[in-house]
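Down below is the structure, laid out as C-alpha coordinates.
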Amino acid sequence: MTVNRTILEPQRELPVAGAYDVVVAGGGPGGIAAAVAAARAGAKTLLLERYGFLGGIATAGWVDLLLGISPAATGEMVVGGVFRELVDGMADLGCARPFDEGVKSGRIPFEPEAFKLVADALVLGSGADLLLHSNVGEVIVEGDRLRAIVLEGKSGARAVEAKVFVDATGDADLVARAGARWEMGRPGDGRVQAMSLIMQMGGLDVERVPTRGGADDAEAKALMREAMLRGLRAYRWATPELSPDLRQDSLAFNVTHLSGNPIDAGDLTRAEVQGRRDAWEIGRWMQETVPGMERAHLQLTAHMVGVRESRCMVGIETVTGEDVVTGRKREDAIARCTFGLDVHCPMAHTGPEAVQVGGVACRATCRKKDCVMFTRYPEYLPRQGHTGERSWYDIPYGALVCADLRNLLACGRCLSADHLAMASLRVMGPAMATGQAAGEAAAMAAPDGDAGAVNVAELQRRLRDCGAAI
Ligand SMILES: Cc1cc2nc3c(=O)[nH]c(=O)nc-3n(C[C@H](O)[C@H](O)[C@H](O)COP(=O)(O)OP(=O)(O)OC[C@H]3O[C@@H](n4cnc5c(N)ncnc54)[C@H](O)[C@@H]3O)c2cc1C
(Lines give C-alpha, C1' and ligand atoms only; values in the text may rest on other atoms or scores of the structure.)
Protein backbone atom coordinates (compact mmCIF):
# COMPACT_ATOMS: atom_id res chain seq x y z
CA MET A 1 0.00 0.00 0.00
CA THR A 2 1.56 3.31 -1.06
CA VAL A 3 0.92 6.42 1.00
CA ASN A 4 0.78 9.45 -1.30
CA ARG A 5 -1.50 11.88 0.55
CA THR A 6 -2.56 12.71 4.10
CA ILE A 7 -5.78 13.61 5.89
CA LEU A 8 -6.19 15.78 8.98
CA GLU A 9 -7.45 13.89 12.04
CA PRO A 10 -9.82 16.10 14.09
CA GLN A 11 -8.75 16.73 17.68
CA ARG A 12 -10.61 14.48 20.06
CA GLU A 13 -11.12 14.30 23.80
CA LEU A 14 -10.05 10.91 25.12
CA PRO A 15 -11.35 9.11 28.18
CA VAL A 16 -8.49 8.33 30.61
CA ALA A 17 -8.76 4.64 31.51
CA GLY A 18 -6.15 4.71 34.27
CA ALA A 19 -3.16 6.43 35.83
CA TYR A 20 -0.25 4.19 36.78
CA ASP A 21 3.26 4.37 38.16
CA VAL A 22 4.46 2.01 35.43
CA VAL A 23 2.89 0.95 32.13
CA VAL A 24 4.54 -1.88 30.23
CA ALA A 25 3.62 -2.08 26.54
CA GLY A 26 3.87 -5.59 25.05
CA GLY A 27 3.34 -8.91 26.84
CA GLY A 28 6.15 -11.02 25.38
CA PRO A 29 8.92 -12.55 27.52
CA GLY A 30 10.45 -9.11 28.17
CA GLY A 31 7.16 -7.40 29.05
CA ILE A 32 6.02 -10.21 31.33
CA ALA A 33 9.22 -10.00 33.38
CA ALA A 34 9.06 -6.19 33.42
CA ALA A 35 5.48 -6.07 34.68
CA VAL A 36 6.08 -8.71 37.36
CA ALA A 37 9.23 -6.94 38.60
CA ALA A 38 7.62 -3.48 38.67
CA ALA A 39 4.49 -4.67 40.48
CA ARG A 40 6.47 -6.66 43.04
CA ALA A 41 8.62 -3.61 43.67
CA GLY A 42 5.47 -1.81 44.79
CA ALA A 43 4.63 0.17 41.65
CA LYS A 44 1.04 0.40 40.46
CA THR A 45 1.59 -1.40 37.16
CA LEU A 46 -0.33 -2.13 33.96
CA LEU A 47 0.73 -4.63 31.29
CA LEU A 48 -0.77 -4.09 27.82
CA GLU A 49 -0.85 -6.65 25.05
CA ARG A 50 -2.37 -6.52 21.55
CA TYR A 51 -3.27 -10.23 21.40
CA GLY A 52 -5.59 -12.24 23.65
CA PHE A 53 -2.71 -14.02 25.42
CA LEU A 54 0.79 -13.34 26.72
CA GLY A 55 4.09 -14.73 25.47
CA GLY A 56 4.97 -12.84 22.28
CA ILE A 57 7.14 -14.88 19.95
CA ALA A 58 7.10 -17.78 22.46
CA THR A 59 3.34 -18.26 22.00
CA ALA A 60 2.09 -16.17 19.07
CA GLY A 61 5.23 -17.20 17.16
CA TRP A 62 5.07 -20.79 18.57
CA VAL A 63 8.81 -20.88 19.36
CA ASP A 64 9.07 -23.66 21.96
CA LEU A 65 12.70 -23.54 23.08
CA LEU A 66 14.24 -21.17 25.64
CA LEU A 67 17.83 -20.21 24.84
CA GLY A 68 20.41 -17.87 26.34
CA ILE A 69 20.41 -19.57 29.75
CA SER A 70 24.02 -20.73 30.16
CA PRO A 71 27.18 -20.99 28.05
CA ALA A 72 27.21 -24.55 26.65
CA ALA A 73 30.87 -24.94 27.62
CA THR A 74 30.48 -24.11 31.32
CA GLY A 75 26.82 -24.66 32.20
CA GLU A 76 26.94 -21.49 34.32
CA MET A 77 23.50 -19.93 34.91
CA VAL A 78 23.26 -16.42 33.42
CA VAL A 79 19.54 -15.78 33.88
CA GLY A 80 17.40 -16.48 36.95
CA GLY A 81 14.67 -14.41 38.60
CA VAL A 82 11.30 -14.26 36.82
CA PHE A 83 12.66 -16.41 33.97
CA ARG A 84 13.33 -19.21 36.44
CA GLU A 85 9.86 -18.87 37.99
CA LEU A 86 8.29 -19.16 34.55
CA VAL A 87 10.26 -22.32 33.79
CA ASP A 88 9.46 -23.79 37.22
CA GLY A 89 5.76 -23.11 36.66
CA MET A 90 5.79 -24.87 33.29
CA ALA A 91 7.93 -27.76 34.61
CA ASP A 92 5.43 -28.29 37.48
CA LEU A 93 2.77 -28.83 34.81
CA GLY A 94 5.04 -31.34 33.06
CA CYS A 95 5.37 -28.88 30.19
CA ALA A 96 9.06 -27.80 30.29
CA ARG A 97 12.49 -29.24 30.99
CA PRO A 98 13.28 -28.50 34.68
CA PHE A 99 15.36 -25.38 35.20
CA ASP A 100 18.52 -27.06 36.62
CA GLU A 101 18.66 -29.51 33.72
CA GLY A 102 18.08 -26.63 31.31
CA VAL A 103 21.03 -24.75 32.79
CA LYS A 104 23.25 -27.81 32.22
CA SER A 105 22.17 -28.22 28.59
CA GLY A 106 21.69 -24.50 27.83
CA ARG A 107 18.25 -25.27 26.32
CA ILE A 108 14.75 -25.55 27.75
CA PRO A 109 12.04 -27.01 25.49
CA PHE A 110 8.53 -26.12 26.64
CA GLU A 111 4.90 -26.19 25.52
CA PRO A 112 3.67 -22.76 24.37
CA GLU A 113 0.15 -23.33 25.78
CA ALA A 114 1.70 -23.79 29.23
CA PHE A 115 3.70 -20.58 28.74
CA LYS A 116 0.44 -18.65 28.30
CA LEU A 117 -1.12 -20.10 31.45
CA VAL A 118 1.93 -19.62 33.68
CA ALA A 119 2.54 -16.11 32.37
CA ASP A 120 -1.07 -15.10 33.25
CA ALA A 121 -0.56 -16.44 36.78
CA LEU A 122 2.79 -14.71 37.24
CA VAL A 123 1.55 -11.33 36.05
CA LEU A 124 -1.75 -11.38 37.94
CA GLY A 125 -0.07 -12.90 41.02
CA SER A 126 2.40 -10.00 41.09
CA GLY A 127 -0.46 -7.54 41.52
CA ALA A 128 -0.05 -5.96 38.07
CA ASP A 129 -3.17 -5.14 36.06
CA LEU A 130 -3.39 -6.91 32.72
CA LEU A 131 -5.18 -5.60 29.65
CA LEU A 132 -5.26 -7.86 26.59
CA HIS A 133 -6.66 -6.97 23.15
CA SER A 134 -5.10 -3.52 23.51
CA ASN A 135 -2.90 -2.13 20.81
CA VAL A 136 -0.59 0.80 21.51
CA GLY A 137 -1.78 3.54 19.18
CA GLU A 138 -0.75 7.18 19.36
CA VAL A 139 1.01 8.65 22.37
CA ILE A 140 0.99 11.99 24.14
CA VAL A 141 4.41 13.53 24.75
CA GLU A 142 4.94 16.65 26.85
CA GLY A 143 8.43 18.15 26.65
CA ASP A 144 10.94 15.37 27.31
CA ARG A 145 8.40 13.05 28.93
CA LEU A 146 5.85 10.59 27.67
CA ARG A 147 2.57 11.40 29.39
CA ALA A 148 0.09 8.83 28.05
CA ILE A 149 -0.47 6.00 25.61
CA VAL A 150 -3.62 5.89 23.52
CA LEU A 151 -4.96 2.33 23.43
CA GLU A 152 -6.84 1.19 20.35
CA GLY A 153 -8.98 -1.89 20.90
CA LYS A 154 -12.49 -3.24 21.34
CA SER A 155 -13.21 -0.58 23.95
CA GLY A 156 -12.36 2.21 21.52
CA ALA A 157 -9.61 4.78 21.97
CA ARG A 158 -8.65 5.37 25.61
CA ALA A 159 -5.66 7.05 27.20
CA VAL A 160 -3.56 5.46 29.94
CA GLU A 161 -1.17 7.69 31.89
CA ALA A 162 1.99 6.63 33.70
CA LYS A 163 5.01 8.09 35.44
CA VAL A 164 7.31 5.65 33.63
CA PHE A 165 6.77 3.51 30.52
CA VAL A 166 8.55 0.35 29.39
CA ASP A 167 8.58 -0.46 25.68
CA ALA A 168 8.46 -4.26 25.42
CA THR A 169 6.71 -4.41 22.03
CA GLY A 170 9.67 -6.11 20.33
CA ASP A 171 9.37 -3.53 17.55
CA ALA A 172 9.94 -0.43 19.73
CA ASP A 173 6.47 0.78 18.70
CA LEU A 174 6.24 3.02 21.75
CA VAL A 175 9.66 4.57 21.12
CA ALA A 176 8.74 5.25 17.49
CA ARG A 177 5.30 6.67 18.26
CA ALA A 178 6.83 8.95 20.89
CA GLY A 179 9.22 10.36 18.31
CA ALA A 180 12.33 9.08 20.11
CA ARG A 181 15.24 7.89 17.97
CA TRP A 182 15.51 4.28 16.85
CA GLU A 183 17.64 2.29 14.45
CA MET A 184 16.95 -0.80 12.45
CA GLY A 185 18.83 -3.41 10.50
CA ARG A 186 22.25 -3.93 9.04
CA PRO A 187 24.48 -1.12 7.84
CA GLY A 188 24.11 -0.12 4.21
CA ASP A 189 20.56 -1.14 3.41
CA GLY A 190 18.83 -1.46 6.82
CA ARG A 191 17.60 -4.96 5.99
CA VAL A 192 16.75 -7.10 9.02
CA GLN A 193 17.12 -10.79 9.74
CA ALA A 194 14.83 -13.20 7.91
CA MET A 195 11.48 -13.96 9.51
CA SER A 196 10.12 -17.52 9.94
CA LEU A 197 6.62 -18.90 10.20
CA ILE A 198 6.85 -21.84 12.61
CA MET A 199 4.83 -24.92 11.59
CA GLN A 200 3.74 -27.81 13.80
CA MET A 201 3.23 -31.34 12.49
CA GLY A 202 0.87 -33.64 14.40
CA GLY A 203 0.27 -37.39 14.22
CA LEU A 204 3.95 -38.34 14.39
CA ASP A 205 5.48 -41.68 15.18
CA VAL A 206 7.94 -39.91 17.48
CA GLU A 207 10.14 -42.98 18.09
CA ARG A 208 11.01 -43.03 14.38
CA VAL A 209 11.36 -39.30 13.68
CA PRO A 210 15.03 -38.22 13.27
CA THR A 211 16.51 -37.03 16.56
CA ARG A 212 18.66 -33.96 17.01
CA GLY A 213 22.35 -34.77 16.55
CA GLY A 214 21.70 -38.46 15.70
CA ALA A 215 22.75 -40.36 12.53
CA ASP A 216 19.20 -40.07 11.20
CA ASP A 217 19.45 -36.28 11.70
CA ALA A 218 22.26 -36.18 9.12
CA GLU A 219 20.14 -38.34 6.77
CA ALA A 220 17.17 -36.01 7.14
CA LYS A 221 19.43 -33.03 6.41
CA ALA A 222 20.67 -34.73 3.22
CA LEU A 223 17.10 -35.51 2.11
CA MET A 224 16.05 -31.92 2.73
CA ARG A 225 19.09 -30.63 0.83
CA GLU A 226 18.07 -32.66 -2.24
CA ALA A 227 14.51 -31.38 -2.01
CA MET A 228 15.73 -27.78 -1.65
CA LEU A 229 17.88 -28.18 -4.76
CA ARG A 230 14.74 -29.33 -6.56
CA GLY A 231 12.98 -26.11 -5.41
CA LEU A 232 11.37 -26.83 -2.03
CA ARG A 233 11.08 -23.43 -0.29
CA ALA A 234 12.69 -24.46 3.02
CA TYR A 235 15.91 -22.99 4.38
CA ARG A 236 17.20 -26.08 6.21
CA TRP A 237 16.18 -29.26 7.97
CA ALA A 238 15.97 -28.52 11.69
CA THR A 239 15.17 -31.45 13.92
CA PRO A 240 13.21 -30.13 16.87
CA GLU A 241 14.27 -30.84 20.43
CA LEU A 242 12.85 -34.19 21.56
CA SER A 243 12.58 -34.08 25.31
CA PRO A 244 11.71 -36.93 27.68
CA ASP A 245 10.18 -34.24 29.94
CA LEU A 246 7.44 -33.44 27.43
CA ARG A 247 4.52 -35.33 25.90
CA GLN A 248 5.50 -34.99 22.28
CA ASP A 249 3.34 -36.55 19.63
CA SER A 250 3.57 -33.40 17.59
CA LEU A 251 6.62 -31.27 16.84
CA ALA A 252 7.20 -27.67 15.79
CA PHE A 253 9.58 -27.00 12.90
CA ASN A 254 11.52 -23.84 12.17
CA VAL A 255 12.18 -24.32 8.43
CA THR A 256 10.64 -21.38 6.54
CA HIS A 257 12.53 -18.17 5.75
CA LEU A 258 10.79 -14.97 4.68
CA SER A 259 12.23 -11.58 3.85
CA GLY A 260 10.62 -8.21 4.39
CA ASN A 261 10.23 -5.19 6.60
CA PRO A 262 8.55 -6.28 9.86
CA ILE A 263 7.15 -2.81 10.56
CA ASP A 264 5.35 -2.64 7.22
CA ALA A 265 1.91 -4.29 7.22
CA GLY A 266 2.18 -4.97 3.48
CA ASP A 267 5.46 -6.86 3.88
CA LEU A 268 4.09 -8.75 6.89
CA THR A 269 1.03 -9.75 4.87
CA ARG A 270 3.20 -11.07 2.04
CA ALA A 271 5.35 -12.98 4.54
CA GLU A 272 2.33 -14.58 6.25
CA VAL A 273 0.78 -15.66 2.93
CA GLN A 274 4.07 -16.99 1.52
CA GLY A 275 4.92 -18.66 4.85
CA ARG A 276 1.63 -20.58 4.90
CA ARG A 277 2.12 -21.74 1.30
CA ASP A 278 5.65 -22.86 2.13
CA ALA A 279 4.52 -24.66 5.30
CA TRP A 280 1.91 -26.71 3.40
CA GLU A 281 4.45 -27.62 0.73
CA ILE A 282 7.10 -28.57 3.28
CA GLY A 283 4.50 -30.53 5.30
CA ARG A 284 3.60 -32.59 2.22
CA TRP A 285 7.30 -33.26 1.58
CA MET A 286 7.73 -34.41 5.20
CA GLN A 287 4.81 -36.85 4.89
CA GLU A 288 6.26 -38.31 1.71
CA THR A 289 9.90 -38.42 2.81
CA VAL A 290 10.71 -38.33 6.51
CA PRO A 291 10.59 -41.54 8.58
CA GLY A 292 7.93 -41.42 11.28
CA MET A 293 5.96 -38.71 9.45
CA GLU A 294 4.04 -40.85 6.96
CA ARG A 295 0.76 -40.24 8.78
CA ALA A 296 1.61 -36.74 9.99
CA HIS A 297 -0.40 -33.63 9.13
CA LEU A 298 0.14 -29.89 9.36
CA GLN A 299 -1.50 -29.18 12.71
CA LEU A 300 -0.89 -25.45 12.91
CA THR A 301 1.13 -22.57 11.65
CA ALA A 302 2.03 -19.97 14.27
CA HIS A 303 -0.45 -17.17 14.95
CA MET A 304 2.01 -14.71 13.47
CA VAL A 305 5.14 -14.81 11.37
CA GLY A 306 8.11 -14.74 13.76
CA VAL A 307 10.08 -11.49 13.64
CA ARG A 308 13.72 -11.82 14.65
CA GLU A 309 14.74 -8.19 14.33
CA SER A 310 13.10 -4.80 13.89
CA ARG A 311 13.52 -1.36 15.53
CA CYS A 312 15.96 -0.83 18.39
CA MET A 313 15.64 2.22 20.63
CA VAL A 314 18.61 4.58 20.76
CA GLY A 315 19.65 4.43 24.41
CA ILE A 316 22.19 6.32 26.48
CA GLU A 317 24.42 3.27 25.93
CA THR A 318 24.38 0.69 23.13
CA VAL A 319 25.43 -2.96 23.14
CA THR A 320 27.64 -3.79 20.15
CA GLY A 321 28.72 -6.90 18.26
CA GLU A 322 32.20 -6.25 19.60
CA ASP A 323 30.86 -6.57 23.18
CA VAL A 324 29.42 -9.98 22.28
CA VAL A 325 32.59 -11.29 20.65
CA THR A 326 34.88 -10.07 23.43
CA GLY A 327 32.54 -11.11 26.26
CA ARG A 328 32.66 -7.55 27.66
CA LYS A 329 32.00 -7.17 31.39
CA ARG A 330 30.67 -3.89 32.82
CA GLU A 331 30.36 -2.08 36.17
CA ASP A 332 26.78 -1.05 35.35
CA ALA A 333 25.60 -4.54 34.35
CA ILE A 334 21.92 -5.30 34.88
CA ALA A 335 21.79 -8.61 32.96
CA ARG A 336 24.00 -11.14 31.20
CA CYS A 337 23.74 -12.76 27.79
CA THR A 338 25.33 -15.88 26.43
CA PHE A 339 24.13 -16.34 22.89
CA GLY A 340 26.30 -16.05 19.79
CA LEU A 341 26.00 -13.84 16.70
CA ASP A 342 23.18 -15.68 14.98
CA VAL A 343 22.26 -13.46 12.01
CA HIS A 344 19.67 -15.20 9.81
CA CYS A 345 20.58 -13.77 6.42
CA PRO A 346 18.23 -10.84 5.63
CA MET A 347 18.02 -12.05 2.02
CA ALA A 348 16.10 -15.07 3.41
CA HIS A 349 17.48 -17.55 0.89
CA THR A 350 15.36 -20.66 0.49
CA GLY A 351 15.49 -23.73 -1.75
CA PRO A 352 18.44 -24.03 -4.19
CA GLU A 353 19.76 -20.54 -3.29
CA ALA A 354 20.05 -21.51 0.39
CA VAL A 355 22.11 -24.57 -0.60
CA GLN A 356 24.31 -22.50 -2.91
CA VAL A 357 25.17 -19.82 -0.33
CA GLY A 358 26.27 -22.55 2.10
CA GLY A 359 24.26 -21.83 5.24
CA VAL A 360 21.54 -19.64 6.65
CA ALA A 361 23.70 -17.28 8.66
CA CYS A 362 25.28 -14.04 7.51
CA ARG A 363 28.99 -14.51 8.04
CA ALA A 364 32.39 -14.14 6.40
CA THR A 365 32.22 -17.70 5.02
CA CYS A 366 29.06 -17.03 2.95
CA ARG A 367 29.54 -17.91 -0.71
CA LYS A 368 27.33 -15.11 -2.04
CA LYS A 369 29.77 -12.22 -2.24
CA ASP A 370 27.67 -9.72 -4.22
CA CYS A 371 25.75 -8.40 -1.20
CA VAL A 372 26.25 -5.07 0.57
CA MET A 373 27.97 -6.76 3.51
CA PHE A 374 30.83 -7.97 1.29
CA THR A 375 30.99 -4.98 -1.04
CA ARG A 376 30.76 -2.21 1.60
CA TYR A 377 30.97 -3.59 5.15
CA PRO A 378 33.27 -6.63 5.11
CA GLU A 379 34.67 -5.71 8.54
CA TYR A 380 31.16 -6.03 9.97
CA LEU A 381 30.67 -9.66 8.86
CA PRO A 382 30.48 -12.02 11.83
CA ARG A 383 33.64 -14.12 12.00
CA GLN A 384 33.41 -15.71 15.41
CA GLY A 385 29.84 -16.92 15.07
CA HIS A 386 29.24 -18.38 18.50
CA THR A 387 31.60 -16.77 20.98
CA GLY A 388 28.57 -16.42 23.23
CA GLU A 389 28.34 -20.18 23.63
CA ARG A 390 31.66 -20.24 25.47
CA SER A 391 31.19 -17.19 27.66
CA TRP A 392 28.79 -14.35 28.48
CA TYR A 393 28.79 -10.58 28.27
CA ASP A 394 27.09 -7.89 30.37
CA ILE A 395 24.20 -5.68 29.31
CA PRO A 396 24.59 -2.17 30.79
CA TYR A 397 21.69 -0.31 32.38
CA GLY A 398 22.09 2.54 29.87
CA ALA A 399 21.03 0.23 27.02
CA LEU A 400 17.53 0.18 28.58
CA VAL A 401 17.26 3.97 29.01
CA CYS A 402 15.88 6.09 26.17
CA ALA A 403 18.30 8.81 25.06
CA ASP A 404 15.46 11.21 24.21
CA LEU A 405 12.66 10.83 26.76
CA ARG A 406 13.34 10.77 30.49
CA ASN A 407 10.61 8.35 31.54
CA LEU A 408 10.95 5.69 28.86
CA LEU A 409 12.79 2.36 29.14
CA ALA A 410 13.00 -0.54 26.68
CA CYS A 411 13.78 -4.21 27.12
CA GLY A 412 14.04 -7.46 25.16
CA ARG A 413 14.25 -7.20 21.40
CA CYS A 414 13.98 -3.42 21.31
CA LEU A 415 16.66 -2.27 23.74
CA SER A 416 19.62 -0.27 22.46
CA ALA A 417 21.87 -2.58 20.44
CA ASP A 418 23.46 -2.62 17.01
CA HIS A 419 22.47 -5.12 14.32
CA LEU A 420 25.13 -7.65 15.35
CA ALA A 421 24.52 -7.46 19.09
CA MET A 422 20.77 -7.87 18.54
CA ALA A 423 21.58 -11.14 16.73
CA SER A 424 22.71 -12.37 20.14
CA LEU A 425 20.43 -10.47 22.53
CA ARG A 426 17.23 -11.44 20.74
CA VAL A 427 16.68 -14.81 22.48
CA MET A 428 14.32 -15.30 25.41
CA GLY A 429 16.80 -15.63 28.29
CA PRO A 430 18.18 -12.10 27.90
CA ALA A 431 14.74 -10.77 26.88
CA MET A 432 13.41 -11.77 30.30
CA ALA A 433 16.54 -10.73 32.19
CA THR A 434 16.46 -7.23 30.65
CA GLY A 435 12.68 -7.14 31.17
CA GLN A 436 13.09 -7.80 34.88
CA ALA A 437 15.76 -5.10 35.12
CA ALA A 438 13.60 -2.60 33.21
CA GLY A 439 10.59 -3.30 35.45
CA GLU A 440 12.60 -2.97 38.67
CA ALA A 441 14.22 0.24 37.38
CA ALA A 442 10.85 1.66 36.26
CA ALA A 443 9.47 1.18 39.77
CA MET A 444 12.54 2.95 41.23
CA ALA A 445 12.23 5.79 38.70
CA ALA A 446 8.48 6.30 39.14
CA PRO A 447 8.56 8.93 41.95
CA ASP A 448 10.66 11.35 39.82
CA GLY A 449 9.75 9.99 36.38
CA ASP A 450 13.44 9.93 35.47
CA ALA A 451 14.93 6.61 34.37
CA GLY A 452 18.38 8.12 33.87
CA ALA A 453 18.57 9.08 37.55
CA VAL A 454 18.19 5.50 38.87
CA ASN A 455 20.96 4.46 41.26
CA VAL A 456 22.45 1.52 39.36
CA ALA A 457 24.22 -0.01 42.38
CA GLU A 458 20.89 -0.10 44.22
CA LEU A 459 19.18 -1.55 41.15
CA GLN A 460 21.82 -4.28 40.98
CA ARG A 461 21.34 -5.08 44.68
CA ARG A 462 17.56 -5.35 44.24
CA LEU A 463 17.92 -7.56 41.15
CA ARG A 464 20.28 -9.93 42.99
CA ASP A 465 17.82 -10.10 45.90
CA CYS A 466 15.16 -11.16 43.37
CA GLY A 467 17.32 -14.02 42.05
CA ALA A 468 18.66 -12.34 38.93
CA ALA A 469 22.06 -13.55 37.72
CA ILE A 470 24.31 -10.48 37.64
C1 LIG B 1 11.43 -17.77 14.17
C2 LIG B 1 12.07 -17.44 15.48
C3 LIG B 1 12.74 -18.42 16.19
C4 LIG B 1 13.29 -18.13 17.42
N5 LIG B 1 13.90 -19.12 18.13
C6 LIG B 1 14.24 -18.90 19.41
C7 LIG B 1 14.65 -19.97 20.24
O8 LIG B 1 14.73 -21.13 19.83
N9 LIG B 1 14.94 -19.69 21.55
C10 LIG B 1 14.87 -18.41 22.06
O11 LIG B 1 15.13 -18.23 23.26
N12 LIG B 1 14.50 -17.37 21.29
C13 LIG B 1 14.16 -17.60 19.99
N14 LIG B 1 13.73 -16.55 19.20
C15 LIG B 1 13.77 -15.16 19.71
C16 LIG B 1 12.70 -14.84 20.75
O17 LIG B 1 11.58 -15.66 20.73
C18 LIG B 1 12.23 -13.41 20.72
O19 LIG B 1 13.18 -12.54 20.23
C20 LIG B 1 11.78 -12.99 22.11
O21 LIG B 1 10.49 -13.52 22.27
C22 LIG B 1 11.82 -11.51 22.32
O23 LIG B 1 11.02 -11.16 23.42
P24 LIG B 1 10.36 -9.72 23.52
O25 LIG B 1 9.48 -9.75 24.72
O26 LIG B 1 11.41 -8.69 23.45
O27 LIG B 1 9.50 -9.53 22.19
P28 LIG B 1 8.30 -10.36 21.60
O29 LIG B 1 8.39 -11.80 21.95
O30 LIG B 1 8.24 -10.00 20.17
O31 LIG B 1 7.03 -9.77 22.37
C32 LIG B 1 6.50 -8.50 22.08
C33 LIG B 1 5.05 -8.44 22.56
O34 LIG B 1 4.53 -7.15 22.35
C35 LIG B 1 3.26 -7.24 21.72
N36 LIG B 1 3.09 -6.03 20.92
C37 LIG B 1 3.81 -5.68 19.82
N38 LIG B 1 3.40 -4.49 19.37
C39 LIG B 1 2.41 -4.09 20.19
C40 LIG B 1 1.59 -2.94 20.21
N41 LIG B 1 1.72 -1.95 19.33
N42 LIG B 1 0.65 -2.84 21.20
C43 LIG B 1 0.51 -3.84 22.13
N44 LIG B 1 1.26 -4.95 22.14
C45 LIG B 1 2.21 -5.06 21.18
C46 LIG B 1 3.34 -8.50 20.90
O47 LIG B 1 2.08 -9.02 20.58
C48 LIG B 1 4.15 -9.41 21.81
O49 LIG B 1 3.35 -10.10 22.72
C50 LIG B 1 13.20 -16.81 17.94
C51 LIG B 1 12.55 -15.81 17.23
C52 LIG B 1 11.98 -16.12 16.00
C53 LIG B 1 11.25 -15.05 15.27
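The values are calculated or read from the model by the stated rules, or taken from the named source; none is laboratory data. Only a predicted model underlies this, so the values are computations on that prediction, with no experimental measurement involved. Glycine gets a Cβ as well: all are built from the backbone with ideal geometry, and neighbour counts include every protein chain shown. Calculation scope for accessible area: heavy atoms of the full protein, side chains included, ligands and nucleic acids excluded. Shrake-Rupley method; radii C 1.70, N 1.55, O 1.52, S 1.80 Å.
In table form, for the structure just shown:
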{"quantity": "Sparse-neighbourhood loop sites, trypsin sites (Lys or Arg not before Pro) in the stretch 266-362 - DSSP loop, at most 10 other Cβ within 10 angstrom", "calculated": "295"}
{"quantity": "Dimensions (Å) - the stretch 190-324, Cα atoms, principal axes, largest first", "calculated": "52, 33, 30"}
{"quantity": "Rel. contact order, % - alpha carbon contacts under 8 angstrom, at least six apart, the chain", "calculated": "23 percent"}
{"quantity": "Sites matching trypsin sites (Lys or Arg not before Pro) across the stretch 140-184 that sit in DSSP coil, with at most 11 neighbouring C-beta atoms within 10 Å", "calculated": "154"}
{"quantity": "Residues of the stretch 1-158: accessible area per residue with a 1.4 Å probe, Å²", "calculated": "45 Å²"}
{"quantity": "Semi-axis lengths, Å, the stretch 10-89, gyration tensor of Cα atoms, sqrt of 5 times eigenvalues", "calculated": "31, 16, 9"}
{"quantity": "Surface accessible to a 1.4 Å probe, per residue, for the residues of the stretch 328-470, Å²", "calculated": "35 Å²"}
{"quantity": "Solution diffusion estimate, µm²/s, Stokes-Einstein, the stretch 312-410, Kirkwood Rh from C-alpha pairs, 20 °C, viscosity 1.002 mPa s", "calculated": "140 µm²/s"}
{"quantity": "Length released on extending from residue 230 to residue 376, taking residue separation times 0.36 nm less the Cα-Cα span", "calculated": "49.3 nm"}
{"quantity": "Cross-link reach list, lysines versus residue 329, counting only Cα pairs under 30 Å and skipping chain neighbours closer than eight places", "calculated": "104"}
{"quantity": "Under the Debye formula (equal points on every Cα, no solvent term), log10 I(q)/I(0) of the chain at q = 0.06, 0.08, 0.11 Å⁻¹", "calculated": "-0.25, -0.45, -0.86"}
{"quantity": "Geometric extent, Cα atoms of the stretch 87-206 - Rg, Dmax (angstrom)", "calculated": "19.4, 61"}
{"quantity": "Kyte-Doolittle mean at least 0.5, axial Cα span of 18 Å or more - DSSP H helices of the chain", "calculated": "112-125, 428-445"}
{"quantity": "Surface share of carbon and sulfur [accessible, 1.4 angstrom probe, percent] for the stretch 231-320", "calculated": "48 percent"}
{"quantity": "Surface accessible to a 1.4 Å probe, per residue, for the residues of the stretch 174-236, Å²", "calculated": "46 Å²"}
{"quantity": "Longest exposed-site-free window of the chain, the sites being GluC sites (Glu not before Pro) in a DSSP loop that have at most 12 other C-beta atoms within 10 Å", "calculated": "14-330"}
{"quantity": "Selection from 74, 102, 87, by position along the positive dipole direction of the stretch 65-149 (Cβ)", "calculated": "74"}
{"quantity": "Sites matching chymotrypsin sites (Phe, Trp or Tyr not before Pro) across the stretch 40-117 that sit in DSSP coil, with at most 15 neighbouring C-beta atoms within 10 Å", "calculated": "none"}
